[in-house]
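Remarks on the structure that follows.
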Amino acid sequence: MVYLRRVVGQSMLPTLRPGQVCVFIKTTQYRHGDIVLAKAEGRPVVKRVHYREDKIHLKGDNHQASTDYIITRRTRKNRIVARLVWPKRAAVWLDEIAEVERL
Amino acid sequence: MRFFKNLIKPVYAHCDLPCGVYDPAQARIEAESVLKIMQKYQESSDEAFRMRAIIIKEQRAELVKHHLWVLWTDYFKPEHAEKFPELHELFWKATKAAGETKHSTDPQAGEELLALIEEIDKIFKETKKS
C-alpha cells in the first residue's frame, strides 16, 4: 500500500519542508535512520527512527522544534505504519545526523 | 497546483506549539545522550574523538535546557506550582545541572541531571492524573 502525504510543520527540517509531498510504502520492516509515517498519540506523524537500547524513538531532524515519541513493546498507541521512499534524497541519512548517531 | 496539493492528506512534522504535547522524556533522552557521551569521553584516548564528544555534549546539554524550559514555562501552570511547591526550585536546579554538564566531563554530573529530570517527571505524571 502506498501513502501520499503532505508535510505540515517544521520538525523534519532541513530534510523535509512544510508543504512538501512525500510517498510512503506500508512496511513492517524499518531500520535505524529511516524516515517513517507513524501513528503517534492518534495523529499521523513523520519522524526519523532512532534505536536506543530496547526502545524506538521517533525524532524530528530539527531537534529544536520537534515533539518526539517513544515506541516500546508495551506501547500500543504509537506505531510505525510506513517508510518514506520519496523524495529519495530525504530517505538517506543526512551526514550531519549520522555523525551524531555514530558517536 | 496548490488545490491538488491541499487534497493530499497531511502528515504532521510538528513541534510543541500547535499540538500541546509535552513530555519530560524529551529532556531525559537528551540528558541520557549527555551521560553516554561523558562515559565515552572517559573511555577514549583519541583526542579528535574527545574533541567531537565535547562539542556534541554541549549541543545536547543545550537541548536539555531547552526542553526543560518549554515544560517549565509552557506546560506547568500556577496551580501546579501551588500543589507542588518544590517545582520551581527543581527546574532551577535541573537547568543549573544541565549547565554543569556543559563544562564537566564527569559522568557523575550527567547522573545528577538525570535524577533531577526524574523528579520532574514524577510531578509531571502526577499532574496528568488529575
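What follows is calculated from the coordinates using simple rules that are stated; it is not laboratory data. Predicted model only: the values in this text are computed from it and were never measured. A quick note on method: Cβ atoms are made from the backbone with ideal geometry, for glycine too, and the neighbour counts reach across all protein chains shown.
Below, the figures for the structure above:
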read-out: Principal axis dimensions, the protein assembly as shown - Cα atoms, whole angstrom, descending; value: 52, 50, 33
read-out: Whole-Å semi-axes of the ellipsoid equivalent to region B:48-130 (Cα gyration tensor, √5λ, descending); value: 28, 12, 10
read-out: Amide H contacts of B:THR105 (H built 1.01 Å from N, under 5 Å, at least 5 apart or other chain); value: none
read-out: Shape call, region B:6-95: gyration tensor on alpha carbons, a/c limit 1.5; value: oblate
read-out: Region B:40-112: GluC sites (Glu not before Pro) in DSSP coil with no more than 15 other Cβ atoms inside 10 Å; value: B:GLU86
read-out: Dipole in debye (nearest 20) - the protein assembly as shown, about Cα centre, beta carbon charges: Lys, Arg +1; Asp, Glu -1; value: 1740
read-out: Distance between modelled label sites at B:GLU89 and B:GLN39, nm, 7 Å Cα→Cβ extension; value: 3.1
read-out: Other-chain or far-sequence residues with amide H under 5 Å of A:VAL81's (modelled H); value: A:LEU37, A:ALA38, A:LYS39
read-out: Per-residue ³J(HN,Hα) for region A:17-22, Karplus 6.51 cos²θ - 1.76 cosθ + 1.60, θ = phi - 60°, Hz, x for Gly and Pro; value: 8, x, x, 5, 8, 10
